[in-house]
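Throughout, read-outs are computed from the coordinates displayed, never taken from laboratory work. None of the values given here were measured: they were computed from a predicted structure. FYI the Cβ positions are ideal-geometry reconstructions off the backbone, even for glycines, and counts take in every protein chain you see.
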Amino acid sequence: MSRMVRAAIVQTDWTGDKESMIDAHEKYAREAAAEGTQVMCFQELFYGPYFCQVQDVEYYEYAEAVPDGPTTQRFMALAKELNMVLVLPIYEREQAGLLYNTAAVIDADGTYLGKYRKSHIPHVKGFWEKFYFRPGNLGYPVFDTAVGKVGVYICYDRHFPEGWRALGLNGAEIVFNPSATSRGLSMYLWELEQTSAAVANMYYVGAINRVGVEPLGDDDFYGSSYFADPRGQLIEGKASDQKAELVIRDLDLDLIDEVRNGWAFYRDRRPDTYGPLTEA
C-alpha cells in the first residue's frame, strides 16, 4: 500500500494588517482541510508584510515567542482541530535583540515539535535581512510528523546546496521552502533551484512564494508556488504568478525509495573528500 500524503502550500498577498493576515491563513487551512489535506506550509513571515525592503525598528514589533507566542499557540489549537500538520514561518523573538526568521512545526495532534531558524541571511538592496535576523543556530532539523519526516529551508537558504543535503541526510521526505522572492534576477532560478535540490536529494520539495506588490517597496512577488517530486519534476504545474492561490497535491512517499534505489546518490557520496569545502 502506497504512502500517499495530501499536502498544501498557499501563496497570498498582503491584506494590510497582521490580524487579518492571520485570519486569512486560518481560512486557507480550513479550506485545505476540507479537501483532505494532511500537511500544510505558509509563506515566509506569513502574518506580516515583507518588511525587509526597508530598515526600520518598528517592524521588530512583529516578532513573537515560539512556541509560547499567540500565533503559534493559535495554530497549535487549529492543527489539533483539523488533524493537520502545520508549518508556520514566523518572526521569532527569543529575547530583546535576539530575533530570527523561523518556522515552527506543529504535529497533527497540536503538539509543537520544534523549529527551524533561517541559516543564510542576505543583506542587499531590497532584502535588508541582517537588520532584522540573526543567522539560525539550530542546524537542519527534521521533524517526525504524522505524515512523515518534514524539514524546512527558508527563502535565501535555497541558494546553498549544503543545507538541502543536510536535511536529506537527516531523513527528510518533504522539505518546505517558504519564500519572499520578487521578479528580477532570481525568477529564472525559481524553478531551477528547488527542482534540482529535489532530484539531488531524492525527496519532495514544496516551494512557496508571496504574490503581489506590497506597500514597503515596488517589487512584485511572483508567486509560482509548486511541489517537485524526487525526480525533480513539477507535480501538476505551478500556481499563478499574479494571484493568491491554494495549491494542494498528492505526494506518494513510496516514490522516494523507488528513486533512491535507481539513483544511488547517497550511496555514492564521498564525504571523505569533501573536507576542504568546510575550510574555504
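Given H placed 1.01 Å from N in the peptide plane, which residues other than close sequence neighbours of Gly232 have an amide H under 5 Å from its amide H?
Close amide H contacts, sequence-distant or interchain: Val199.
Long-range amide H contacts for Phe42: which residues qualify at under 5 Å (H placed 1.01 Å from N, peptide plane, sequence gap of 5 or more or a different chain)?
Hits under the 5 Å cutoff: Val87.
Just to confirm my numbers, what's the Cα centroid distance between segment 102-168 and segment 10-83 in Å?
Between the Cα centres of segment 102-168 and segment 10-83 lies a distance of 16 Å.
Calculate one ³J(HN,Hα) per residue across segment 251-256 by plugging θ = phi - 60° into the Karplus curve 6.51 cos²θ - 1.76 cosθ + 1.60, and present them in order as whole Hz with x for glycine and proline.
10, 9, 5, 5, 5, 4
Scan segment 122-171 for trypsin sites (Lys or Arg not before Pro) in coil per DSSP, keeping those whose Cβ has at most 16 other Cβ atoms within 10 Å, and list them by number.
Numbers: sites: Lys125, Lys130, Lys149, Arg158, Arg165; in loops: Lys125.
When the trypsin sites (Lys or Arg not before Pro) of segment 122-171 are filtered for loop state and at most 16 Cβ neighbours within 10 Å, Lys125 remain.
Which cross-chain or sequence-distant (5 or more) residues have an amide H under 5 Å from the amide H of Glu64, H modelled 1.01 Å from N in plane?
Tyr91, Glu92, Arg93
So how do 229-238, 66-75 stack up, highest first, on mean other-Cβ count within 10 Å?
Values: 229-238: 16.1, 66-75: 17.7.
Peptide ranking by packing, descending: 66-75, 229-238.
So which chymotrypsin sites (Phe, Trp or Tyr not before Pro) in segment 217-280 pass both tests, a DSSP loop state and at most 16 other Cβ atoms within 10 Å of the Cβ?
Listed in order of number, the matching sites are Trp263, Phe265, Tyr266, Tyr274.
So, R0 is 30 Å and r is the distance between the beta-carbons of Gln233 and Leu277; what FRET efficiency does that work out to, to 0.05?
Working from the Cβ atoms, E equals 0.55.
For segment 5-70, which chymotrypsin sites (Phe, Trp or Tyr not before Pro) are in a loop by DSSP, counting at most 10 other Cβ atoms within 10 Å?
For chymotrypsin sites (Phe, Trp or Tyr not before Pro) across segment 5-70 that sit outside H, G, I, E and B with at most 10 neighbouring Cβ atoms in 10 Å, the list is empty.
Return the sequence-ordered ³J(HN,Hα) values of segment 116-129 in whole Hz as given by the Karplus equation 6.51 cos²θ - 1.76 cosθ + 1.60 applied to θ = phi - 60°, using x for Gly and Pro.
Listing the rounded values in order: 10, 10, 3, 8, 9, 10, x, 8, 9, 3, x, 9, 7, 7 Hz.
Could you give the length gained on full extension between Phe131 and Lys27, defined as 0.36 nm per residue of separation minus the Cα-Cα distance, in nm?
Computed gain between Phe131 and Lys27 is 34.3 nm.
If you stretched the chain out fully between Asn261 and Thr15, how much longer would it get, using 0.36 nm times the residue separation minus the C-alpha to C-alpha distance?
In short, 84.0 nm is gained.
Taking θ = phi - 60°, what integer Hz values does the Karplus form 6.51 cos²θ - 1.76 cosθ + 1.60 yield along segment 40-57, in sequence order, with x for Gly and Pro?
Result, ordered by residue: 8, 10, 8, 7, 4, 6, 4, 9, x, x, 7, 6, 6, 6, 10, 10, 8, 5 Hz.
Taking springs between alpha-carbon atoms closer than 10 angstrom, which of Gly97, Gly223, Gly206 fluctuates most in the Gaussian network model of the chain?
Gly97
Net charge within 11 Å of Asp144 by Cβ-Cβ distance, Lys/Arg positive one each and Asp/Glu negative one each, not counting Asp144 itself?
-1
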